[in-house]
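Structure, as C-alpha cells:
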Amino acid sequence: MEIRQRERIAECELPESLHPLLRTVFAQRAIRSSQELHYGLDALIPPDALGNIDAAAELLAAHFDKRILVIGDFDADGATSTAVALLGLRALGAQQVDFLVPDRFRFGYGLTPEIVELALTRKPDLIVTVDNGIASHAGVAAARAHGINVLVTDHHLPGAQLPEADVIVNPNLPGDAFPSKALAGVGVMFYVLLALRKVLRKHGALAKPEPNLAELLDLVALGTVADVVPLDHNNRVLIHQGLQRIRAGKCRPGISALLEIAKRSPAQLAASDLGFAVGPRLNAAGRLENMSIGIECLLADDPASARQLAAKLDELNRDRRGIEQEMKEEAILAVEKLALDADLPLALCLHEAHWHQGVVGIVASRIKDRTHRPVIAFAMDDETGLLKGSARSVAGVHIRDALDAVATRHPGLVEKFGGHAMAAGLSLAADRLAEFSIALNEEIARWISPDELRGVILSDGELAPEFLCLDAAIALRDAGPWGQGFPEPLFDGVFDVRDRRIVGEKHLKLRLAPVGAASVLDGIAFNAAEFPEAPQVRAVFRLDVNEWQGRQSAQLVIEHLLSA
C-alpha cells in the first residue's frame, strides 16, 4: 500500500476569506473558482439542456387524466426515484399514479416482460421507469404490444441498441449534450418533473398554488449520495440543497425516522450520514425482501407510520449485516487460498453455492477494498439456474465497458449485463464461471497492469498542528458535500501514542500527539482492535467533529493505521 499526496492545481481563483485549509483542499480537487463552490438552486444546469425532456414532459401531461404506473428499482436510488415520481406527479395534478417495484428474486432487474404482465393487472395507460429501463428491450416491447405508452427515465449506460420506448430521458444517451453525465436516477426524474411543471404552466394546467418541487430535494440528495455517483458540481448542488432542508427539519417523515433510528442528528447531518446510515437501511429492503417497504417509508405522511416502517428497515439491515459478515469471511478465505498458490488474478470472480443474491454487491465491494482490484461476487438464481453477479471496480477499469468487451469477444458467454464505470451486474451460466473468469482477466490486462493494483491512498498531506482543531474540523464538515469524485479530505501524519484502549469490543480509541507538539487529541480507528501496541503510529485520517454530551471537539477518524 502506497500513500501518495494529491496534486494541487496551480491556477485557481478562490476568495482570500476562505479558510486556508479549504483553499488547499479545493485546489487539490481541481476547483478553480468560487463559482464552483456556489450551491444555490440557480447554479443547477437548466432542465431544457437534458435531451428529450420536453417530449417526456408532454407525454406525461397528456396522461394526467389517465393511469400512470411508475416502475422502480430495488436500491436506494430506485426507491427515492419512485417516491420523487409519485410525490411530484401528484403535486403537479396527476390523479391516478401508482408504483410497482420488481421483487429481484422473482422478476430480476428492470422492466421485464414478467413485470409487464404483473403491471397489466393495474391497467396502466403509461408506464414510467425510474432508475431502470435503458436495457429493457423485451419489457418495453411487451408493454407497447399491449397498447401501453412507455417513458424510460434512467442514468445507466445504454447498449448499442435502445429500447423502442415512446420517449427516453438519460443524460448518457449518445449525442446528449447535457453537461452532467453523473446524474443519479433520482436526479433524472427530478429534472423531468421540472420540465413537466414548465409544460403544465404553458398549457395553463398547473395546479394552484404552484407546487414547490424543491420540497423533493431531501429525497434527491439521499438517492444521489446512496447511489455513489460522481459528485460533479450539479450533483453537489442537489445534495447541498437537500441537506439544507433536512437540517432545517423540512424533510419527509420517513427520512426523519431513518435518521432517528440510526441515531443521527438532522441538524448536524453530513452527506456521509446519508450514505452510511440511511442508505444501507433503505437498501436492506431490496436486498432481503421487497423495496416496497422502503418506498412506503419514504412516502409516509404520518410520523408514527414512518417510524414503524423505519424500524422494519433497521431490522432487515441488521439481518443483512449478519449475512454479509458470513459471506465476507468465506470470500476472504477464498482469496487467501488463491494467494497461497500464486499472485492474485487481476480480477476476482468469487462464488459459493449458498450466497445470498441481495448481498453479493456489498461483499464484492468489501473484497475490492481489501485487494485493490475488480471483484465480481456471484450467487445462484434458483428461478433461472443462472449465476447472478455483482461487480465492483477500481480506478482505471470501467467495469461495464470491460464486460461489454468480454461479451463481444466471447459471444454467448455473458447472458446479460449493465451498469456503470465502478459497478455493474451480469448473468452467467453456472458451468461457464471458470471460462468467464479467464476471459475477464484477459480483458482487465488490457486496461491495467499489476503494478497499478497495489492500492494507493491519496492523501491531502500532513496537517500543521494549528489545523488539528475544532475550527478546522467544522470548516471541513461545512465545506461539503463530499463523496464519490469529490472525496472528503484525507490527511496523514506521524503521532506519539499517549493512550490506547478498546471500545465496543473491536474499535481502537487513541490519545494522540503530533510529533514535536504539546497538543493531544482523540483518534478512533474502527475495526482495528488487533493493531499491535506501538509508541508511535502513522495515521491516515479524516478530521472530524465529535459530539458528546452537548460538547464538540476535534477528532481523528483513522482510515489506515501503520506502525511508525
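Here's the yes/no breakdown for (1) in contact with a His (Cβ under 6 Å, 6 or more places away or on another chain); (2) assigned to a helix (DSSP H, G or I):
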site	(1), (2)
Ala311	no, yes
Glu315	no, yes
Asp319	no, yes
Ile323	yes, yes
Val335	no, yes
Leu346	no, no
Cys349	no, no
Gly361	no, yes
Residue within region 349-371 that is aliphatic (A, V, I, L, M), open to solvent by 30 Å² or more (accessible area, probe 1.4 Å) and free of Cβ contacts under 8 Å to residues at least 60 places away in the same chain present: yes
Strands (runs of 3 or more DSSP E) completely within region 1-119 that count 1 or more residues being among the aromatic types (Phe, Trp, Tyr), out of contact with any Cys (no Cβ under 7 Å at 6 or more places or on another chain) and modelled with pLDDT of 95 or more: 96-100
Conditions (1) of a type in the set (Phe, Trp, Tyr); (2) touching a Leu at 6+ places or on another chain (Cβ under 9 Å); (3) at pLDDT below 90; number of the one not met by Phe541: (3)
Subset of region 148-165 [hydrophobic (A, V, I, L, M, F, W, C) and either open to solvent by less than 10 Å² (accessible area, probe 1.4 Å) or within 18 Å of Pro113 (Cα to Cα) (or both)]: Ile148, Val150, Leu151, Val152, Leu162, Ala165
When residues of region 508-564 are limited to those that are of a type in the set (Phe, Trp, Tyr) and without any contact (Cβ under 8 Å) to a residue 40 or more places away in the chain, the one surrounded by the most Cβ atoms within 10 Å (Cβ to Cβ): Phe531
Residue, surrounded by the fewest Cβ atoms within 10 Å (Cβ to Cβ), within region 92-140, restricted to residues that are among the hydroxyl-bearing types (Ser, Thr, Tyr) and touching a residue at least 24 places away in the same chain (Cβ under 8 Å): Thr112
Residue within region 294-313 that is over 21 Å from the mean Cα position of the chain (by Cα), hydroxyl-bearing (Ser, Thr, Tyr) and more than 18 Å from Val84 (Cα to Cα) present: yes
Flag if Glu7 is within 30 Å of Asp369 (Cα to Cα), touching a residue at least 24 places away in the same chain (Cβ under 8 Å) and exposed (fewer than 13 other Cβ atoms within 10 Å of the Cβ): no
Subset of region 10-24 that is in contact with a Lys or Arg (Cβ under 9 Å, 6 or more places away or on another chain) and in contact (Cβ under 8 Å) with a residue 12 or more places away in the chain - its residue that is surrounded by the fewest Cβ atoms within 10 Å (Cβ to Cβ): Glu11
2 or more residues in contact with a Leu (Cβ under 7 Å, 6 or more places away or on another chain) and surrounded by fewer than 16 Cβ atoms within 10 Å (Cβ to Cβ): qualifying helices (runs of 4 or more DSSP H) within region 381-497: 433-447
Considering residues of region 215-255 that are among the small types (Gly, Ala, Ser) and in contact with a helix residue (DSSP H, G or I) (Cβ under 7 Å, 6 or more places away or on another chain) only, the residue surrounded by the most Cβ atoms within 10 Å (Cβ to Cβ): Gly223
The one condition in (1) open to solvent by 60 Å² or more (accessible area, probe 1.4 Å); (2) at pLDDT below 95; (3) more than 30 Å from Ile399 (Cα to Cα) that Glu336 fails to fulfil: (3)
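The values are calculated or read from the model by the stated rules, or taken from the named source; none is laboratory data. Note that the structure is predicted; figures quoted are calculated from it, not measured. Heads up, the Cβs are rebuilt from the backbone with ideal geometry, glycines too, and the neighbour counts pull from every protein chain shown. Accessible surface areas use protein heavy atoms only, side chains included; no ligands, DNA or RNA. Shrake-Rupley method; radii C 1.70, N 1.55, O 1.52, S 1.80 Å.
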